[in-house]
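Visitor: Handing you this structure, nothing more for now.
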């Protein structure tokens, strides 16, 4: 008891020192003020402040923060567009000047968020107001880049940096959505009809090509057949001429009357006509004059062949 009475002042000093010890969590930076005036920045960990004079006015987070936004805009052709977006931002860095901006630019975190969301909404609305409803969906990437370009410069004056902006959903009024669905359906039907037409054209083209090739093949086969028939007739005539020449030579050597042999060949030919005519009608002059005329023609042809 006497010891406590003797060193009471030591206990008071220790208590005062403990009162000046402050802890800053990882991911935060402390802003210290004295009598309301900025003094310094303290880092994560255990820090010593002047008791009763210095205090931590704000703990500024240097971590990434996100906020979701929903708002409406109107296009140049008076169509309502509804956006759902996600904003990702953070303090630029942990430098003292940047922390001072972040700590004292806005009265509270709520005021910062209100200013940030309203600025982004206004930027998007100004972009959408220059575009038509049919262009909006195709310009999602351009819209994000435009907002980043406009907002990032403003956020730098506040000590923040825009990490990312994502447009998660873009919708229109139900009437516009229904009309867009009908347009898509009609375009699909048009594409299907065009594909069917192309397929039919290809089918008919291929069929025509196949028919043309078939005609060419048939014509070539007919030409070759005619050529072969001609060659057969020529060979037949040649063999007949050879046979007749041979018969003429034999008759000459045997001192026979050529008229007898010729008559025999003539009757044999008529017999063959009757056997292999297949019902075809062959007209022959059977009168004596006609017979004599025919025999003279055969005899002249054989003599000519024998002379050659």
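The values are calculated or read from the model by the stated rules, or taken from the named source; none is laboratory data. None of the values given here were measured: they were computed from a predicted structure. Because the Cβ atoms are built from the backbone with ideal geometry, glycine has one as well, and the counts that use them run over all protein chains shown.
Visitor: Being surrounded by fewer than 14 Cβ atoms within 10 Å (Cβ to Cβ), within 43 Å of the chain's Cα centre (by Cα) and either at pLDDT 90 or above or part of a strand (DSSP E or B) (or both) is the requirement here; does residue 145 meet it?
Guide: No.
Visitor: Follow-up question, since we're still on this one. Can you tell me which of 107, 112 is under 26 Å from residue 43 (Cβ atoms) and free of Cβ contacts under 8 Å to residues at least 12 places away in the same chain?
Guide: Testing whether each residue is under 26 Å from residue 43 (Cβ atoms) and free of Cβ contacts under 8 Å to residues at least 12 places away in the same chain leaves just 107.
Visitor: May I ask you to verify whether residue 94 is modelled with pLDDT of 85 or more, assigned by TED's automatic domain parsing to the domain that holds residue 165 and in a loop (DSSP other than H, G, I, E, B)?
Guide: Spelling it out, residue 94 is indeed modelled with pLDDT of 85 or more, assigned by TED's automatic domain parsing to the domain that holds residue 165 and in a loop (DSSP other than H, G, I, E, B).
Visitor: State whether one or more residues within segment 130-139 are closer than 27 Å to residue 24 by Cβ and out of contact with any helix residue (DSSP H, G or I) (no Cβ under 8 Å at 6 or more places or on another chain).
Guide: There is no residue in segment 130-139 that is closer than 27 Å to residue 24 by Cβ and out of contact with any helix residue (DSSP H, G or I) (no Cβ under 8 Å at 6 or more places or on another chain).
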